[in-house]
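The values are calculated or read from the model by the stated rules, or taken from the named source; none is laboratory data. In this text, all values refer to a predicted model and were calculated from it rather than measured experimentally. Every residue, glycine among them, receives a Cβ derived from its backbone with ideal geometry; neighbour counts consider all protein chains shown. Side chains included, ligands, DNA and RNA excluded: accessible areas come from the protein's heavy atoms. Shrake-Rupley method; radii C 1.70, N 1.55, O 1.52, S 1.80 Å.
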Amino acid sequence: MTSADGKQAESILEGLDEAQYHAATTVHGPVRIIAGAGAGKTRTVTRRIAYACASGAWEPAGTLAVTFSVKAAAEMRSRLRSLGVGDAVTAATFHSAALHQLRRVWEDICDAPFPHVADDGEPRRLVATAMRQACGGIELDDLTVRDVQAEINWAKVSLVAPGDYPRVCASLHRRPPADLDPQRFEDVYECYEREKTAHGLIDFDDILLIACHVLDEFDEAAETIRRSVRWLTVDEYQDVSPLQHRLMTLWLGDNRDVCVVGDPAQTIYSFAGASSYDLLAFADQFGPLAADVSLNVDYRSTPQIVGYANRVLARSPERADYLRLTSARDDGARVSHMVYGTDAEEARGVAGRIANMAARGVDPADCAILTRINAQQQVFCTALREAGLRYRVRRDAGWSGSGDDPVGRQALLESLGVDGGAQLGAVTVSTIHASKGLEFRHVFLVGCSEGLLPYGSPTDGDALEEERRLAYVGVTRAEDSLHLSYARTKDGLAARERVPSRFL
């Protein structure tokens, strides 16, 4: 590397704090980065990749960064281009990267054409067919089919084959959906797989399963694939499923040039097979580590918001696994709490506050209303409309898709991070799940009562901890102001009033 190259590489690191700099300059060997909310995770990771390529430590063509959404991958590519790396580095989702790799080697390992990847609605239709075959003349509704499809997806990403499903249910005390017993669900699962094969289709999760099979069984193809994964970065590592973790280890083989980035406190997809176990146990599997870095300075949120986020986690039995954040910003507004009589009053109150902010010059697009579930959103959309405010909605589409209707397809795209057509001046109405990875100057976290947040008022255990992390994610979306509220009743007719969330 010439002196000029060295100066160019060093310039990439300008503006990083001490912890970020340490992470970005450790470019060989296994590296773990625990990055808290607002701590500059993407900035650090992209600078690390750009620095390693610019300094000659890595070859761009052998560099892969995997993320969990199309939007995050696009942002990473954009940042890398701005840092002079260009498009030689691959930044993609797990599924996109695996699909590209498979298509590259397919002709060398199989005479048949590459199977068709099912579109949004096809897996659901095949699940419905499988349920009719396995369960006789059962009456099916969309919700039941969606729940069964989600359970099949969970089994696949958890590496649970149909024949193993009943045993796993017994071990985990897991109950299949739709009032099916484990054996009957196994029948549905097997029928679904046969239907896919009969139609020449593979689903989203099959892409990763086939990639694992190729890497396991075809040495030459595996070597071709591994040459494109010489230096691996895995973002949102707390959300990897057992299937994704298996693919990652097969990509690496004996290679240990891997960097994982994540935050145990933001693990909110356990229902879909995600687990922070691999992030927390990374050193046990890949150690000794070349660097183990914690980024706990929040550059996004005010001290008031950061303090509140810390308090949400402070009572957790798992708090030792979570970072305690500090804010790099000056003092801001206090976190506000409001109690309303009914859901409609809460919605009108929140819409009125946003309208007042807009009248003072705040862009409504800087405001977000975050809900725990989709069903909460309609009353807030109505109130915003009555207040003369535009809005856009981000719903939980589920990891398995949401049907073949235009609204469902849009929800799926948004859940995967694809731009859903953001509107200038529009308030965002989003579930907390769908808001992950986003930030807003002003956040209204609504429905903060037992039964909604935490949903179902779970007792101590994994379900409660997931809800606590979800509340933490909601709080840390806020930059300048955070407004918490709940309604005592749904419509003023309930015999029992709601009580404040234990997280408040």
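Summary value for region 121-195: 42 percent relative contact order, contacts being C-alpha pairs under 8 angstrom separated by 6+ residues. Taking a straight line from the alpha carbon of Lys490, these aspartates and glutamates sit under 19 Å away, with near neighbours fewer than eight places off in the same chain left out: Asp343, Glu345, Glu346, Glu450. Counting only DSSP H runs of at least 4 residues, each contributing -39500 (n - 2.57), and dividing by the residue count of the chain, the helix-based mean residue ellipticity at 222 nm comes to -13500 deg cm²/dmol.
Close amide H pairs (under 5 Å, H built 1.01 Å from N) link Thr233 with Leu64, Ala65, Val66, Cys259, residues at least 5 positions away or on another chain.
Tell me, what is the percent relative contact order of the chain, built from C-alpha pairs under 8 Å that lie six or more residues apart? Write out the running numbers ahead of the final one.
Working: 896 pairs, mean separation 89.2, N = 504.
Across the chain, relative contact order equals 18 percent.
Annotation: amide H-H contacts under 5 Å for Thr342 (H modelled 1.01 Å from N, sequence separation of 5 or more, or interchain): Arg488, Thr489. Length gained on full extension, Thr249 to Ser171: 25.5 nm, using 0.36 nm per residue less the C-alpha separation.
Roll a 1.4 angstrom probe over the protein heavy atoms and tell me the percent of accessible area of the chain that is carbon or sulfur. List each step's numbers first, then the result.
Values: 10930 of 22310 Å².
The computed percentage sits at 49.
In this rough spin-label picture, where each label sits 7 Å from Cα along the Cβ direction, the Asp331-Glu386 distance is 3.8 nm. The label point for Ala320 and the one for Ala494, both projected 7 Å from the Cα toward the Cβ, are 3.7 nm apart. Note on Ser294 and Val117: the model spin-label points, each 7 Å out from Cα along the C-beta direction, lie 3.9 nm apart. Taking each of Lys41/Lys156; Lys71/Lys196; Lys41/Lys71 in turn, the alpha-carbon distance tops 24 angstrom for Lys41/Lys156; Lys71/Lys196. Using the Karplus relation 6.51 cos²θ - 1.76 cosθ + 1.60 with θ = phi - 60°, the per-residue 3J(HN,Hα) values for region 437-443 come to x, 9, 8, 9, 5, 10, 10 Hz, with x marking Gly and Pro. Considering only alpha-carbon pairs that sit under 8 angstrom and 6 or more positions apart, the relative contact order computed for region 156-306 is 20 percent.
Residues whose amide H falls under 5 Å from that of Ala291, counting only those 5 or more places apart or on a different chain, are Arg32, with hydrogens built in the peptide plane. In this structure the chain gives 44 Å² per residue of accessible area when probed at 1.4 Å with all protein chains present.
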